[in-house]
Amino acid sequence: MARVVFTPNIQRHVACPEAQAAGRTVREVLENVFAENPQARSYVLDDQSGLRRHMTVFVDGRMIRDRARLADAVGESSTIYVFQALSGG
Amino acid sequence: MSDKLLVSTRKGLFTVVRKAKRWQIAAVDFLGDNVSIALVDARDGRRYAALDHGHFGVKLHRSTADGWEEIASPTYPPKPEGYEELDMWGRPLNWSTARVWALAAGGADEPGVIWCGTLPGGLFRSTDQGQSWEMVRALWDHPKRKKWMGGGADLPGIHSICVDPRNSRRVWIAVSTGGIWFTEDAGASWTQRGEGMRAEHVPPELTHDPIAQDVHCLAQCPAAPHRMWVQHHNGIFVSSDEGRTFTEITGVDPSTFGFAVVVHPRDPDTAWFVPEIKDERRVPREGKLVVTRTRDGGKSFEVLGKGLPQSHAYDVVYRHSLALDGSGDRLAFGSTTGGLWVSEDQGDSWTGVTHTLPPVYAVRFA
């Protein structure tokens with residue numbers, strides 16, 4: 001199970017507690033988290049289910065490369081951080 | 001007469017009320033959040049607020065008995081696999097709501113219907129007070145929609161929605177930039193309107209093309225829906241045939257440039273504008289903030305400045321930031337530099353409510 005941590009700044013809008021979820025890719029893990037917390041989904045993903053423009057996701061300290069399909073691999077004990085990009089101001 | 005205003009700003013939604021003949025801020029909701037527009041549905045009193053959270057996207061909230069609740073946001077359909085569409089900058093166009101730029105209640109005979117205009121150009125309709133939204137595909141899929149361009153923003157956007165008070169299935173929308181579009185079957189099919197408007201910012205062969213027009217704001221007279229007023233990037237235009245053809249109004253002092261227009265609810269010949277120096281500066285002329293008013297269909301205009309700052313005023317009034325109440329007597333407008341003014345005599349005189357709001361994006365009487 002991967003560990004998923006959300007930026008504190010999102011909490012003002014929608015509760016996103018730290019979560020444990022299964023999955024081999026960022027997509028699978030995040031969709032499992034959002035299945036339990038559906039309101040949070042649109043705060044992180046856009047209408048096409050890609051990562052929102054000014055959001056970033058790190059897996060074990062590495063920024064993911066595939067922002068559209070979220071196909072980056074996740075290990076059994078990975079930690080995923082869902083953060084804001086400073087590009088958003 | 002309305003005693004309440006909803007003021008959407010860069011940093012929250014302000015409720016301004018009239019008490020003991022004075023207008024004052026009574027409540028602040030969503031403090032710190034970017035409120036792009038709000039709607040008060042006269043049919044049931046519900047309020048809607050569109051928030052742009054930047055990183056976290058666009059969200060809609062609806063008033064409850066004791067506060068607000070988040071409701072569904074208009075969501076673009078999945079882009080077909082392999083489908084390529086570029087925006088005017090040559091970048092892939094993301095089918096995703098970038099801003100809610102128009103909210104309008106449906107007709108009196110269709111409770112629960114709300115229309116929503118967005119960037120990058122999608123129009124949405126809800127039949128359940130915003131619980132769910134459906135994109136108006138006939139407009140989005142119209143081949144000419146791809147000719148829409150950015151105007152005021154990088155992406156095209158629907159900013160004006162007028163529902164015919166005689167027949168709710170007839171709706172006009174206006175696009176920056178993409179001109180005016182009309183449906184008479186509740187969105188199932190669309191035709192371009194707006195012959196006669198003129199765009200100076202495009203090559204001569206496109207100057208009079210209705211799709212090239214940067215309509216800043218479209219307003220329809222409720223009691224005489226054949227009359228439509230347009231504040232356009234190039235000036236002021238008026239139509240007496242439901243937007244089929246427009247006539248340009250010229251020679252208006254101090255300027256015909258601006259963003260907003262409102263029309264009297266019963267007198268189609270009376271309309272108000274907030275003029276600015278055109279394009280190159282976009283500030284009030286000579287630092288004097290004024291409103292212009294015609295009472296004769298655009299043949300003549302009065303310049304109204306009593307109570308408004310008449311030196312070193314750099315207020316810009318955006319397209320949704322001038323409001324008129326149902327009586328036709330009370331007006332209000334808010335500015336990019338945080339000013340808010342109210343008139344109770346059709347603009348003859350104005351009272352400043354505050355000069356310290358965040359940048360104002362929309363003003364509506366509640």
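Remark: segment A:18-32, residue by residue, has Karplus-estimated 3J(HN,Hα) of 4, 9, 10, 8, 8, x, 9, 10, 4, 4, 5, 5, 5, 5, 5 Hz, where x stands for each Gly or Pro and the curve is 6.51 cos²θ - 1.76 cosθ + 1.60 at θ = phi - 60°. Across segment B:192-201, rounded Karplus estimates of 3J(HN,Hα) from the backbone phi angles (6.51 cos²θ - 1.76 cosθ + 1.60, θ = phi - 60°) give 6, 10, x, 5, x, 7, 9, 10, 8, 8 Hz, Gly and Pro being marked x.
Sorting B:52, B:44 from the fewest to the most surrounding beta carbons within 10 angstrom yields B:44, B:52. Across B:145, B:137, B:22, mean-square fluctuation computed from a Gaussian network of chain B (C-alpha pairs under 10 Å connected) peaks at B:22. Applying 1/(1 + (r/R0)^6) with r as the Cβ-Cβ distance of residue B:22 and residue A:37 and R0 = 41 angstrom yields a FRET efficiency of 0.35. Decide, for segment B:1-99, between rounded, prolate and oblate: order the square roots of the alpha carbon gyration tensor eigenvalues as a ≥ b ≥ c, take rounded if a/c falls under 1.5, and otherwise choose prolate if a/b is larger than b/c, else oblate. The shape class here is prolate. Annotation for segment B:318-339 versus segment A:34-51: alpha-carbon center distance of 36 Å.
Shielding of peptide A:9-16 by partners, expressed as the average count of other chain Cβ atoms within 10 Å per residue Cβ, is 3.
For the protein assembly as shown, the square roots a ≥ b ≥ c of the C-alpha gyration tensor eigenvalues yield an a/c of 1.5 or more together with a/b exceeding b/c, which makes the shape prolate. For chain A, dividing the convex hull volume of the Cα atoms by the residue count gives 87 Å³ per residue. Residues considered: B:118, B:250, B:356. Largest GNM mean-square fluctuation over chain B, using C-alpha springs under 10 Å, is found at B:356.
Taking the alpha-carbon distance from residue B:146 and a cut-off under 26 Å, which lysines remain once sequence neighbours fewer than 8 residues away in the same chain are dropped? Within the straight-line limit of under 26 Å, residue B:146 reaches these lysines: B:59, B:79. Return the lysines within reach of residue B:278: Cα separation strictly under 24 angstrom, same-chain partners fewer than 8 residues apart disregarded; answer none if there are no such residues. Straight-distance partners of residue B:278: B:288, B:299, B:306.
Using a/c under 1.5 as the rounded threshold, could you call chain B rounded, prolate or oblate? The axes a ≥ b ≥ c are square roots of the C-alpha gyration tensor eigenvalues, and prolate needs a/b larger than b/c, oblate otherwise. Taking the square roots of the gyration eigenvalues as a ≥ b ≥ c, chain B is rounded. Considering helices alone, the calculated mean residue ellipticity of chain B at 222 nm is 0 deg cm²/dmol, with DSSP H runs of length four and up weighted by -39500 (n - 2.57) and normalised per residue. Each part reduced to its alpha carbon centroid, segment B:231-301 and segment B:144-206 end up 19 Å apart.
Note down the net charge around residue B:185, summing +1 for each Lys or Arg and -1 for each Asp or Glu among other residues with Cβ under 14 Å from its Cβ. That works out to +1.
Laboratory data are not the source of any read-out in this text; all were calculated from the coordinates shown. Just so it is clear, the structure is predicted and the values come from calculations on it, not from any experiment. Here Cβ is always computed from backbone atoms with ideal geometry, including for glycine, and neighbour counts include all displayed protein chains.
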